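S.K.: Have a look at the structure that comes next, please.
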Amino acid sequence: MTATLFDQQPDLTITPETVLENVFGYKSFRHGQREVIDAVGAGHDCIVIMPTGGGKSLCYQIPALVRGGVTLVISPLISLMKDQVDQLKANGVAAECIHSAMTREDLSRVYSRMQSGQLTLVYVSPERVLMRDFVERLESLSLAMIAVDEAHCISQWGHDFRPEYACLGQLKKQFPAVPFMALTATADEATRNDITHRLQLQEPHVYLGSFDRPNIRYTLVEKHKPISQIIRFVAEQKNHCGIIYCGSRKKVEMVTEKLCNNHIRAASYHAGLDTDERAYVQEAFQRDDIQIVVATVAFGMGINKPNVRFVVHFDIPRNIESYYQETGRAGRDGLPAEAMMLYDPADMSWLRRMLDEKDDGPQKQVENHKLNAMSAFAEAQTCRRQVLLNYFGEYSDKRCGNCDICLDPPKHFDATEQARKAISCVYRVNQSFGIGYVVEVLRGMQNSRIRENGHDKLSTYGIGRENSHDYWVSIFRQLIHKGLLSQNITRNSTLQLTEEARPLLRGEMTLDLAVPRLDTAARTAKSEKLTSKNYDKKLFAKLRKLRKSIADEDGLPPYVVFSDATLIDMAEMLPTSYGEMLAVNGVGQRKLEKYADPFLDLIQEHVSFHG
């Protein structure tokens, strides 16, 4: 059996709960975690969809410690692997990663530890794991599980398809008895089905967690003087850490220069920089030495920093999955965070021209569908969180109260008649066409395609001619956001009725929609920030300073020592003993032994001085 943290305590019954508390310092599981752990414990394959910061990694790390043997984790980025391994080691777990930047000696050392059963978790890239010699090494191991992180990369319907990921089904053929777990934050139904098929999972247990991140405020602002808008927004963030995403390297450099000129600690990150410079920027950001990283999407999945307080999109992303993942890098610690996007319809036109230049084919159709959904999000008149959740199939009829639309709502009207017209038209064209075509039928357009299909003879032909094309597009988008219609990505984005549409068609319900705002994309949110816990702010600042000095001494990012959420708990609970410190969320046995004393001393000193 693989050596674990518990080998020195044979009398301790190893359960998921004891591992959660003693190793990771948490008192209870988040929603869905125990369910997945039980499923893989019973030997089932699993698909786990949890939002960024939702605790996906514990779903395979805890079973790895409970089951024994070696758990293999397939991960796409060196930085992501190293970060996970650093955090596991800080908690006393025997973990290593294998990647192309390692020396031959280091590689040999890890292979030796792996073969001798000294490692519990081994992180590896998809390219490495498919090499013949590596597969041969695996055959001699006691494999407990294989976890595939960022599993959306497997699917052609996903937003970040990678061919090498698509070949991972070969591993399932090679090790049919080993349970596989595919994990990602973003996967719609088509992507989930594709993951199951390509990985050759056997009747997998599917956990579809909530995509909601209630601590993130979504705000869309009309772009007019973007640099001034960015500088003003950053100034309001009071030296918090954040990421600004731009659509090109040139914009990244320009925004970075403007921020630095305004005495803001910012650095650029894009694929045009050399490897050492990119590594320096990422590490400096992880260690809180840089306040803001201005980046292209090259600054991606390897960001595992829990105290990012804001994410800004200088330009609109190409799809909702990317937007959701990128904004999800804010507030991973569960504390209030901001996601602000500057939007100019001209940016969308530029993305469309870029897409038009690509060769026709299924992939182009997928990208076009996703770009249309992103455009609909930007122009939405309904709660932005509803739009995001509904896109992923998590239909919600409640407004969130924490986005620009909720905080500065557009005017609403009784849209029951318009909605019935729109939905009836979708039904009359046999749910076989997209928004643009259905709008043309509704408005009674004279064109050859409508005549050839005989749709000029339909009862719904021309019943919406009193309103403009843009008006009806807005209505259709709202009906999609409300969950009454869906767009089938596997059938060229055709509109289809959902069960929620039937009561409306039968006259059993009425529907309010926003008056289409055709002159502007959004309104600026006007509200105070979410109130957070009642904790000692001065003590929190001292604890952060202590954490930074300890982290620098140990050569670690500060959050590996303790997260902001853990420090806030300390500043609220004011622990003065080991027992009280263990009650703080995020303090396990290893961290108690390693870090508790200086933090307890500081808290005691602060409490004594301030009474």
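S.K.: Output the number of the condition that R309 fails; it satisfies all remaining conditions of (1) modelled with pLDDT of 85 or more; (2) in a loop (DSSP other than H, G, I, E, B).
M.R.: (2)
S.K.: Next question. Do we find that T490 is in contact (Cβ under 8 Å) with a residue 60 or more places away in the chain, under 30 Å from Q156 (Cβ atoms), crowded, with 16+ Cβ neighbours inside 10 Å and in contact with a Phe, Trp or Tyr (Cβ under 9 Å, 6 or more places away or on another chain) in this structure?
M.R.: no
S.K.: From M102, M114, grab the single residue that is open to solvent by 20 Å² or more (accessible area, probe 1.4 Å) and over 25 Å from H205 (Cα atoms).
M.R.: M102
S.K.: Another question, then. Suppose we filter L505, L495, L511 for residues that are hydrophobic (A, V, I, L, M, F, W, C), open to solvent by 50 Å² or more (accessible area, probe 1.4 Å) and in contact with a strand residue (DSSP E or B) (Cβ under 9 Å, 6 or more places away or on another chain); which single one remains?
M.R.: Going through L505, L495, L511 in turn, the sole match is L505.
S.K.: For the subset of the stretch 315-341 comprising residues that are surrounded by fewer than 24 Cβ atoms within 10 Å (Cβ to Cβ) and of a type in the set (A, V, I, L, M, F, W, C), which member is farthest from the chain's Cα centre (by Cα)?
M.R.: L335
S.K.: What is the number of the single condition among (1) of a type outside the set (A, V, I, L, M); (2) touching a Phe, Trp or Tyr at 6+ places or on another chain (Cβ under 8 Å); (3) farther than 27 Å from N390 by Cα that F314 does not meet?
M.R.: Every condition holds for F314 apart from (3).
S.K.: Among the residues of the stretch 471-513, count how many are at pLDDT below 85 and within 11 Å of A380 (Cα to Cα).
M.R.: Of the residues in that region, 3 qualify.
S.K.: Could you please find all residues in the stretch 210-226 being surrounded by fewer than 16 Cβ atoms within 10 Å (Cβ to Cβ) and modelled with pLDDT of 90 or more?
M.R.: P214, the sole residue that qualifies.
S.K.: Tell me, please, whether a residue that is assigned to a helix (DSSP H, G or I), touching a Lys or Arg at 6+ places or on another chain (Cβ under 7 Å) and modelled with pLDDT of 85 or more can be found in the stretch 329-351.
M.R.: Yes, the stretch 329-351 contains a residue that is assigned to a helix (DSSP H, G or I), touching a Lys or Arg at 6+ places or on another chain (Cβ under 7 Å) and modelled with pLDDT of 85 or more.
S.K.: Looking at the stretch 562-569, is at least one residue at pLDDT 90 or above, of a type in the set (F, W, Y) and open to solvent by less than 70 Å² (accessible area, probe 1.4 Å)?
M.R.: yes
S.K.: Let me ask something additional. Determine, yes or no, whether Q381 is under 30 Å from R449 (Cβ atoms), at pLDDT below 90 and open to solvent by 30 Å² or more (accessible area, probe 1.4 Å).
M.R.: No: the conditions fail for Q381.
S.K.: Let me confirm something: among E417, E466, which residue is surrounded by fewer than 17 Cβ atoms within 10 Å (Cβ to Cβ), out of contact with any strand residue (DSSP E or B) (no Cβ under 6 Å at 6 or more places or on another chain) and assigned to a loop (DSSP other than H, G, I, E, B)?
M.R.: E466
S.K.: Between Q363, Q282, which is over 30 Å from F413 (Cβ atoms), in contact with a Ser or Thr (Cβ under 9 Å, 6 or more places away or on another chain), outside any loop (DSSP other than H, G, I, E, B) and not hydrophobic (A, V, I, L, M, F, W, C)?
M.R.: Q282
S.K.: So, one more: Does the stretch 244-252 contain at least one residue that is modelled with pLDDT of 90 or more, part of a loop (DSSP other than H, G, I, E, B) and closer than 16 Å to P557 by Cβ?
M.R.: Within the stretch 244-252, not a single residue is modelled with pLDDT of 90 or more, part of a loop (DSSP other than H, G, I, E, B) and closer than 16 Å to P557 by Cβ.
S.K.: Further question on the same structure: Just the residues that are surrounded by fewer than 21 Cβ atoms within 10 Å (Cβ to Cβ) and in a helix (DSSP H, G or I), please, taken from the stretch 85-99.
M.R.: V85, D86, Q87, K89, A90
S.K.: Something else about it: Looking at the stretch 441-453, is at least one residue touching a strand residue (DSSP E or B) at 6+ places or on another chain (Cβ under 8 Å) and assigned to a helix (DSSP H, G or I)?
M.R.: There is no residue in the stretch 441-453 that is touching a strand residue (DSSP E or B) at 6+ places or on another chain (Cβ under 8 Å) and assigned to a helix (DSSP H, G or I).
S.K.: Out of P204, P179, which single residue is surrounded by fewer than 23 Cβ atoms within 10 Å (Cβ to Cβ), in contact (Cβ under 8 Å) with a residue 60 or more places away in the chain and either touching a strand residue (DSSP E or B) at 6+ places or on another chain (Cβ under 9 Å) or more than 28 Å from G242 (Cβ to Cβ) (or both)?
M.R.: Unique residue meeting the criteria: P204.
S.K.: Separate question: Could you tell me how many of the residues in the stretch 24-53 are over 18 Å from H205 (Cα atoms) and either of a type in the set (G, A, S) or in contact with a Ser or Thr (Cβ under 9 Å, 6 or more places away or on another chain) (or both)?
M.R.: The total comes to 4.
S.K.: Picking from I230, I290, which residue would you name as being surrounded by 15 or more Cβ atoms within 10 Å (Cβ to Cβ), closer than 20 Å to E326 by Cα and in contact with a helix residue (DSSP H, G or I) (Cβ under 6 Å, 6 or more places away or on another chain)?
M.R.: Only one candidate qualifies: I290.
S.K.: With the requirement that a residue be touching a helix residue (DSSP H, G or I) at 6+ places or on another chain (Cβ under 8 Å) and touching a residue at least 40 places away in the same chain (Cβ under 8 Å), what does the stretch 414-429 give you?
M.R.: The answer is A415, T416, Q418, A419, R420, K421, A422, I423, S424, V426, Y427.
S.K.: Which helices (runs of 4 or more DSSP H) does the stretch 103-175 wholly contain that include 1 or more residues that are over 27 Å from the mean Cα position of the chain (by Cα)?
M.R.: 104-115, 132-139, 169-174
S.K.: Ok, one more. Return yes or no: is V438 surrounded by 15 or more Cβ atoms within 10 Å (Cβ to Cβ) and out of contact with any strand residue (DSSP E or B) (no Cβ under 7 Å at 6 or more places or on another chain)?
M.R.: no
S.K.: On to the next question. Cβ-Cβ distance below 9 Å, separation of 6 or more or different chains: which pairs start in the stretch 534-545 with a residue that is of a type in the set (D, E) and end on one that is open to solvent by less than 100 Å² (accessible area, probe 1.4 Å) and not in a helix (DSSP H, G or I)?
M.R.: These pairs meet every condition: D536/L574.
S.K.: May I ask you to verify whether S432 is open to solvent by 10 Å² or more (accessible area, probe 1.4 Å), in a helix (DSSP H, G or I) and under 24 Å from L505 (Cβ atoms)?
M.R.: no
S.K.: Answer yes or no: is there a residue in the stretch 213-220 that is hydrophobic (A, V, I, L, M, F, W, C) and free of Cβ contacts under 8 Å to residues at least 24 places away in the same chain.
M.R.: no
The values are calculated or read from the model by the stated rules, or taken from the named source; none is laboratory data. Everything quoted here is computed from the prediction, not taken from an experiment. Neighbour counts are summed over all protein chains in view; Cβ atoms, including those assigned to glycine, are modelled from backbone coordinates with ideal geometry. Accessible surface areas use protein heavy atoms only, side chains included; no ligands, DNA or RNA. Shrake-Rupley method; radii C 1.70, N 1.55, O 1.52, S 1.80 Å.
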